[in-house]
Every structure is written in structure tokens, then in C-alpha cells.
Amino acid sequence: QDKLDEAWKVADAAKAKVDEFEAKVATISDEAVARDKELSEKLAAAEARLKEAEDREKAAVSSASEAAAAQKDLKDKLEEAWKAADAARSKVDDAEAKPAVASEDIG
């Protein structure tokens, strides 16, 4: 009987150890699930911030392209204006030279 009682005590102690181990595993598992959820949320937030940054970069590139196109258009118009001014200056010079030529012919 003593041996049987001793065996039950050992079995009860072993069961208590198993229960304790299972509780620790459950706690660790719950912590792992919570940590995984937390990391997933952080990853989703980081991905959202990355997408926002990429969208801002695309917008900046687009704005820079638009600014470059506007600058080129302005440069082209300025060149046209200079050409028109040169042509006008040339006509003025021609007009001023004609009276001098005419007066030389008369003289």
C-alpha cells in the first residue's frame, strides 16, 4: 500500500509538472500571438508610410517634370522674343541707313 501511495504521489507530482508546463506553453503561445499581431500592425503601418512616401515622391517627380516643361516653354518663348527684337532692331537699322544712302545719292 505504501508503494501504491508513493506511486500516486509521484504520478500527481508529474501531472502537476505537466499542467505547469502546459500553462507555460499556453502563456508563451498567447504572448507569441500577441507579439505577432503587434508586429503585423507595425508592418502594416510601415507599409502605409512607405506607400505615402512613394506617392509623395511620384508627386514631386511629376511637379519637377511640370516645372521643367514650363521652364523650357518659357525659355523657348524668350528666345522667340529675342529673335523678334533682333528682327525689329535690324529693320530699324535698315530704315535709319536708307535716308543716309538717299542723301548720299542726292549729294
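The values are calculated or read from the model by the stated rules, or taken from the named source; none is laboratory data. Since we're looking at a predicted model, the values are computed, not measured. Note that we place each Cβ from the backbone using ideal geometry, even for glycine, and neighbour counts take in every protein chain shown. Remember, those area values only see protein heavy atoms, side chains included, never the ligands or the DNA or RNA. Shrake-Rupley method; radii C 1.70, N 1.55, O 1.52, S 1.80 Å.
So which aspartates and glutamates can residue 42 reach, going by Cα to Cα under 19 Å and dropping same-chain residues fewer than 8 places off?
30, 31, 52, 54
On the protein heavy atoms, probe 1.4 angstrom, tell me the percent of accessible surface of the chain carried by carbon and sulfur.
About 61 percent, which is the carbon plus sulfur part of the accessible surface.
How big is the charge dipole of segment 12-56 about its Cα centre, in debye rounded to the nearest 20, if each Lys and Arg gets +1 on its Cβ and each Asp and Glu gets -1 on its Cβ?
Taking the Cα centre of segment 12-56 as origin, the dipole is about 100 debye.
To the nearest 20 debye, what is the magnitude of the charge dipole of the chain about its Cα centre, counting +1 on the Cβ of each Lys and Arg and -1 on the Cβ of each Asp and Glu?
It works out to roughly 20 debye.
Using a cut-off of 24 Å between alpha-carbon atoms, which lysines can reach residue 72, once sequence neighbours fewer than 8 places away in the same chain are excluded?
Leaving aside lysines fewer than 8 places away in the same chain, those within reach of residue 72 are 58, 83.
Multiplying the sequence separation of residue 96 and residue 72 by 0.36 nm and subtracting their Cα-Cα distance, what value in nm do you get?
Full extension from residue 96 to residue 72 adds 5.1 nm.
For helix 2-106, report the angle its Cα long axis makes with the longest principal axis of the Cα atoms of the chain; keep it between 0 and 90° and round to the nearest 10°.
Orientation of helix 2-106: about 0 degrees from the principal axis.
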